[in-house]
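A.B. asks: Next up is a structure, given as structure tokens.
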Amino acid sequence: MASLPAIDCKTEKQRSGDDQIHHPNHVGKQSVTTSVCFIVSQPRAGSTLLQTMLGGHPDVYAPGEAWLMLPIVHAIAGSRRAVESPYDQCLADDAVGEFLRENLHGGWSEFQTELGLAAQRLYESARVRAGAKVLIDKTPRYYWIIEDLLSLIPDCRIIVLRRNPLAVLSSIMETWTRPTRVGFLKDYRADLLEAPARLAAAMSIRDERIRSLRYEDLVEDPDSCLRDLQSFINVDVVDGLQHYGSARRRAYGDPKGVHQHQSAKSDSLEKYLQRAAERATTWRLIDDYRRQLGPELLARLGYDDQILRQQLEGVKPIGTRLAPSLVSQVQPRPAEPRRSMIRLRRVMADAVVRQKRAA
């Protein structure tokens, strides 16, 4: 199999030097009163089901996927996070940084604090309007900013939901793509190759504000899992939340699975193997994905590579060698944004000035 870039298995603390800046509000372990809870996962990992069940609690308001924190966090050094914008992101970061250093005593740290307070006020306004004790923001792609969430909103809670990644890939192909189109997985490259390592890194953070949960455990023993999560988000324990009835349809989230049932079901656990057995292309892509993730990362997520390989071998159809590979369907990550000529000229001018002063 042609190789994709290696999965980054660094912890969030190791990664923080690459794409994050200061975290002045990080508070470590503490006893807090929670008003917002984030659900973070790969897409198609069961986050809508979990949100729907928790949203049945009388003290919980679960409005859907807000995506609110992504643009807020990316306002902080967006060019270092590969943020694309219609203007020059590098130049904007440079200008904002200069303004903050010259006009605010706390510089970037004060800017981050104010952004966090603004986000908290928005969440609190929505929570109070709904008359709830806890608001749940279920946005899977917060996997990009887990440590930022802890820093900007110190009294939040984060549920890291993970699912067998092979089942996630199968569900993405079944729900959102047309497998006959070349490169049909390119839009989900980060969800498949970035998210697992970031979720595993978040699981390694020793912080009482983070709770990790497997989708498989949720659907096989929903009562126990939901009781634990209710205690985690500081609401009174209510039985029977797994029987959610008719789920509300939303613009973002699971468009089909959660609406086909009225309670948590475990019949979805083996669907990816059934799909793999039906089409050689599906089998090849799923097996390539298993190889790409590797035994170490799969183990950190709670899955055994050898068992997954044996399960796939047991349903292997004819023609898998001729099927397209994962690398052919997932385009490489876009190149880092090019530094603007204006910024380069400024750097060169500063260097000339320093040389003259030194002389």
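A.B. asks: Which aspartates and glutamates does Lys316 reach when only Cα atoms under 18 Å apart count, and residues fewer than 8 places away in its own chain are ignored?
C.D. replies: Glu270, Glu278, Asp287, Asp288, Asp305
A.B. asks: If you don't mind, another one. What is the packing order of peptides 307-315, 264-272, 45-53, taking the mean over residues of other C-beta atoms within 10 Å and listing the highest first?
C.D. replies: 45-53, 264-272, 307-315
A.B. asks: Could you list which residues have their amide H under 5 Å from that of Val36, counting only those 5 or more apart in sequence or on another chain, with H placed in the peptide plane?
C.D. replies: Result for Val36 returns Leu135, Arg157.
A.B. asks: Could you derive backbone 3J(HN,Hα) for the stretch 44-57 from the dihedral phi with the Karplus parameters 6.51, -1.76 and 1.60 (θ = phi - 60°), listing whole Hz in sequence and x where the residue is Gly or Pro?
C.D. replies: 6, 10, x, 5, 5, 4, 5, 4, 5, 5, 5, x, x, 6
A.B. asks: Once label points are set 7 Å from the Cα along Cα→Cβ at both Lys271 and Ala190, what is their separation, rounded to one decimal in nm?
C.D. replies: 2.5
A.B. asks: Can you give me the distance in nm between label points at Asp217 and Glu278, each placed 7 Å from the Cα along the Cα-to-Cβ direction?
C.D. replies: 3.1
A.B. asks: Distance in nm between label sites at Arg101 and Ser224, each 7 Å beyond Cα in the beta-carbon direction?
C.D. replies: Going from the Arg101 label point to the Ser224 one covers 5.5 nm.
A.B. asks: For Val237 and Val315, compute 0.36 nm times the residue count separating them, minus their Cα-Cα distance, and round to one decimal in nm.
C.D. replies: That pair, Val237 and Val315, stretches by 23.9 nm at full extension.
A.B. asks: If packing is taken as the average number of other Cβ atoms within 10 Å across a peptide's residues, how do 298-305, 101-108, 122-129, 159-166 rank, most packed first?
C.D. replies: In decreasing order of mean packing, 298-305, 101-108, 122-129, 159-166 become 159-166, 298-305, 122-129, 101-108.
A.B. asks: Sticking with this one: Roughly how compact is the stretch 104-243, stated as its Cα Rg over 2.2 N^0.38 Å to two decimals?
C.D. replies: The reported ratio for this selection is 1.25.
A.B. asks: Next question, about the same structure. Given the Cα-Cα distance of Leu68 and Arg129 and 0.36 nm per residue of separation, how much length would full extension add, in nm?
C.D. replies: Length gained, Leu68 through Arg129: 20.2 nm.
Throughout, read-outs are computed from the coordinates displayed, never taken from laboratory work. Not measured: the values here are computed from a predicted model. Note that we place each Cβ from the backbone using ideal geometry, even for glycine, and neighbour counts take in every protein chain shown.
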